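All of the numbers you see were taken from the coordinates with simple rules; none came from a lab. From a predicted model like this one, the values you see are computed outputs, not experimental measurements. FYI the Cβ positions are ideal-geometry reconstructions off the backbone, even for glycines, and counts take in every protein chain you see.
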Amino acid sequence: MKKIFIALMIGTFAVAPAFAAAVVGKPAPAFSEKDMAGKTIDLSQYKGKTVVLEWLNHGCPFVVKHYNSKNMQALQKKYTDQKTYADKAVVWLSVISSKKGAQGYGTPEETMKQAKEKGSFATTILIDEDGSMGKAYGAKTTPHMFVIDASGVLTYAGAIDDKATTELGDVPTAKNFVAAALDEMLAGKPVSIASSKAYGCGVKY
């Protein structure tokens, strides 16, 4: 109980930025960011595809929970699998909005190395050094998750799951909101839980 209370308090203190958030049911904010390979990635290039945005900071214990348990990598691998989902496979973009010198920031080379070490299956990782993309979405925590449908509309925003702790053992019993949203979308159904309160460490703008 004590561990859960501490984790919830960390998540509460993380919700500090005062900028407006993207709105579920409305078009997702456009973005154009460099990725870890130096390529410019625009939301517009993924028209007709489902896109997942995952705010990332490997120094955050909440992120550590989902990567050390392999939960995040399993989700990335499953839903981006072209062999399984073909044209319905999602695009998964991890986003680092940490400013230079802050926890979680890395050069493109460092980010690529870390992605390999962590076994990431994200389509790519965006380096949002000035925080413009994070602020446009209202990303407040790591992780903070967003799902955008094929028409460019935001269909889910919030936490990855319903267990706001840093305990690896909580992952198997948690309700994963992102997986549920993607499964419903792939089945042609509306997303039943379209938003939740994000938890984690504050994004290091």
| Is the chain best put as rounded, prolate or oblate by its Cα gyration tensor, with a ≥ b ≥ c the root eigenvalues, rounded for a/c under 1.5, and otherwise prolate when a/b is larger than b/c, oblate when not? | rounded
| query | HN-Hα J couplings of segment 130-138 from phi, Karplus 6.51/-1.76/1.60, θ = phi - 60°, integer Hz, Gly and Pro as x? | reply | 8, x, 5, 5, x, 5, 5, 8, x
| query | Taking the Cα centre of the chain as origin and charging only Cβ (+1 Lys, Arg; -1 Asp, Glu), how large is the dipole, in debye to the nearest 20? | reply | 240
| query | In a Debye calculation with equal point scatterers on the alpha-carbon sites of segment 50-98 and no solvent, what is log10 I(q)/I(0) at q = 0.14 Å⁻¹? | reply | -0.38
| task | Could you give log10 I(q)/I(0) at q = 0.23 Å⁻¹ for segment 90-179, computed by the Debye formula over C-alpha point scatterers of equal weight, without solvent? | result | -1.36
| Given q = 0.28, 0.29, 0.31 Å⁻¹, what are the Debye log10 I(q)/I(0) values for segment 155-202, with equal point scatterers placed on the Cα positions and solvent ignored? | -1.02, -1.06, -1.14
| message | Could you give each residue of segment 38-51 its phi-based ³J(HN,Hα) in whole Hz, using Karplus coefficients 6.51, -1.76, 1.60 with θ = phi - 60°, and x for Gly or Pro? | response | x, 8, 7, 10, 10, 4, 4, 6, 9, 4, x, 10, 7, 10
| remark: Computed, not fitted: 222 nm per-residue ellipticity of the chain from DSSP H runs ≥ 4 (each -39500 (n - 2.57)), nearest 500, equal to -8500 deg cm²/dmol
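Place the peptides 112-124, 168-180, 134-146, 89-101 in order of packing, highest mean first, counting for every residue the other Cβ atoms within 10 Å and averaging per peptide.
In decreasing order of mean packing, 112-124, 168-180, 134-146, 89-101 become 134-146, 89-101, 112-124, 168-180.
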| query | ³J(HN,Hα) across segment 82-95 via Karplus (A = 6.51, B = -1.76, C = 1.60, θ = phi - 60°), whole Hz, x for Gly/Pro? | reply | 5, 5, 7, 9, 6, 6, 9, 4, 8, 9, 10, 10, 7, 10
| said: Skipping prolines and chain starts, which residues have an amide H placed within reach, meaning under 5 Å, of the one on Thr124, given they are 5 or more residues away or on another chain? | reply: Trp92, Ser94
| Quick one: what Rg and Dmax do you get for segment 30-116 from the alpha carbons, in Å? | 13.8, 40
| query | Extension gain Lys197-Lys83, at 0.36 nm per residue separation less the Cα-Cα distance, in nm? | reply | 37.7 nm
